[in-house]
Each structure stands twice: as structure tokens, then as C-alpha cells.
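Report on one structure; see the data block that follows.
Readers should treat all values here as calculations from the given coordinates under stated rules, not as data from a laboratory. Remember, it's a predicted structure, so these values are computed and weren't measured experimentally. Because the Cβ atoms are built from the backbone with ideal geometry, glycine has one as well, and the counts that use them run over all protein chains shown.
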Amino acid sequence: MRQRLAVGNWKMHGSLPENRSLLDAIVAGAAGLRRAACAVCVPFPYLAQAQSALAGSKVAWGAQNVSQHPRGAFTGEVSAAMLREFGCRYVLVGHSERRQLFGEDDATVAAKAGAALAAGLTPIVCVGETLAEREGNVTEEVVGRQVAAVADALGAGGLAASVLAYEPVWAIGTGKTATPEQAQAVHAFIRGQLAGRDGKMAAALQILYGGSVKASNAAELFAKADVDGGLVGGAALVAQEFIAICKAADSAQPD
Ligand code: PEP
């Protein structure tokens, strides 16, 4: 049985006072979750604030990026061990903004996921096609290549300790959500691809959908058989929206 999971990606948003009220509201709203899990991935400087606000609550926390290196002369980078020191459970890896704006390729993404696992973090590995790729009918080729790179590097054991997020680039921050059928089709494709490597791991792997998830569309997305929850950007900055998405994940979770 795969647990449903809703994860907020705050991107480069927030301030100490804004975060305080958002985190307090999320803690209160998440208290009633019965089955699903939820988490927020915050900017690095706010990890200590997240840790102190969320410790002991039903809300886990994490970061949005991690270095593939354990330590050393890498100015501006943050290691997985540092994230663990702040109680992080999750870290986003290979978000499309990292791939597109910061030149992260499949090999770098795989190395980052490996570094996260080695430190005891759960990497949330993001994959997804651009609009041109979808329109060119190469979605499965692109997503399949991204997934294979991570699977080759981590092996079935590493993937079993990871989360995948399918995030079509054309749906991120655009207000244009994939239909539940489009999401399900790609999720089933990914699960089938991984089943070719290890059926048990593939059946147990959480695969989140990301791309303009909102309170108004979360339930129909999470109702799909292979959609195990959501990675949420904009809507995660609005407490009532994010709480409603977490509750949709909770309701979608089979007993
Ligand atoms: C994201 O940042 O991963 C994301 C899916 O953003 P949004 O929900 O705003 O589309």
C-alpha cells in the first residue's frame, strides 16, 4: 500500500514573519490527517525555522536542492549531511527549474539523489517533458530517459528509498494542469518502466504529480491509480489551499 503524500515547494518565496503564520496554519490543518503524509520544502535559510515550527507535528520538511559532493571547496553549495543536521527528511532533486535555469543534467541529478540517500534523506526526483516535447510525441522517450538515468545510478534499492515526481514542465506555474488521464498515463508508464527492473520496488514507489495542483483539482488527480499525491508550488504558499490539498491526499488514501 503506497501512502499518499503532498509536498509543498516554496521555491524562492517567504520571509520569517510570513513563514511563521504559514507554518503554524499548516501544522494546525495537518493535525487532522489520518493516513496521508505531508511536507514542505523551504529555502535553505528557513530550515531552522521550519524545524522549530514543525518538529513533533504531522508535517515533515526538506530542502529544494542539495550538492552531489559531501564536502569541500564548493562555494555556495549545501551538503546532504548539513540538511540532515536541520532535521530534513526530504530534498527535491532535478526540479525542472534546476534543470532549465541551472543546467543540471541527468547525471548531475542522479548524483544528487545518490548523495541525498547516502546521508539518510529521501530524494524527491523530478522528471517531466517540455511542451515542445509533448507536442512532438516524445514524452515517454524524455521521461523514460530521465527515469533510467536515476534508476541506473541508484539501483532498485536506492529507488525504493526515493520518491519520484512527474512534473510536466508546461504545467509548472502556468495554471495549466495535466488532466488526470494525462497524469495517470505517464505515471503508469514510469511504473511499468521500473517494473522491468524490479516489480516489488515499482509497485511500492510513490510517484507524485506536480504542475498547477490546486485545491480544486487535487482530488481528481489523486484519485488516479498511479498518482500517489502531489508536488505543489504556488498553492503551497496559501495555507488553506495547501491544507485542502493535503486533505484531498488523505481522502484519496485507501484504508
Ligand atoms: C513546482 O514548483 O514543483 C510546481 C509544480 O509548481 P506549481 O504548483 O506552481 O505549478
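Brief remarks follow.
- In order along the stretch 190-197, phi translates into HN-Hα couplings of 4, 5, x, 4, 6, 4, x, 9 Hz, rounded to whole numbers, per the Karplus curve 6.51 cos²θ - 1.76 cosθ + 1.60 with θ = phi - 60° and x for Gly and Pro.
- Positive-pole candidate from SER57, VAL150, ALA195, dipole of the chain, charges at beta carbon: SER57
- Only one residue of ILE245, GLY210, THR108 has its Cα farthest out toward the positive end of the dipole of the chain, where Lys and Arg carry +1 and Asp and Glu -1 on Cβ, and that residue is ILE245.
- The chain - Cys residues lacking any other Cys C-beta under 4.7 Å: CYS41, CYS88, CYS126
- Positive-end residue of ILE172, GLY32, PRO43, charge dipole of the chain with Cβ unit charges: GLY32
- Total formal charge among the other residues, if their Cβ is under 12 angstrom from that of PRO180, Lys/Arg +1 and Asp/Glu -1: -2
- Estimated FRET transfer efficiency when R0 is 22 angstrom, pair MET1-ALA148 (beta carbons, to 0.05): 0.25
- Rounded to the nearest 0.05, the FRET efficiency derived from the C-beta distance between GLU135 and ARG197 at R0 = 25 Å is 0.30.
- Residues in the stretch 26-60 that a label on PHE102 would reach, taking backbone N under 20 Å of a point 7 Å out along Cα→Cβ: 40-51
- Exceeding the 18 Å Cα-Cα cut-off - candidates LYS58/LYS112; LYS176/LYS214; LYS58/LYS247: LYS58/LYS112
- The length gained on full extension between ALA219 and SER15, counted as 0.36 nm times the residue separation minus their Cα-Cα distance, comes to 70.4 nm.
- About its Cα centre, the dipole of the stretch 153-255 is roughly 160 debye, where the only charges are +1 on Lys and Arg Cβ and -1 on Asp and Glu Cβ.
- Placing unit charges on the Cβ atoms only, positive for Lys and Arg and negative for Asp and Glu, gives the chain a dipole magnitude near 640 debye about its Cα centre.
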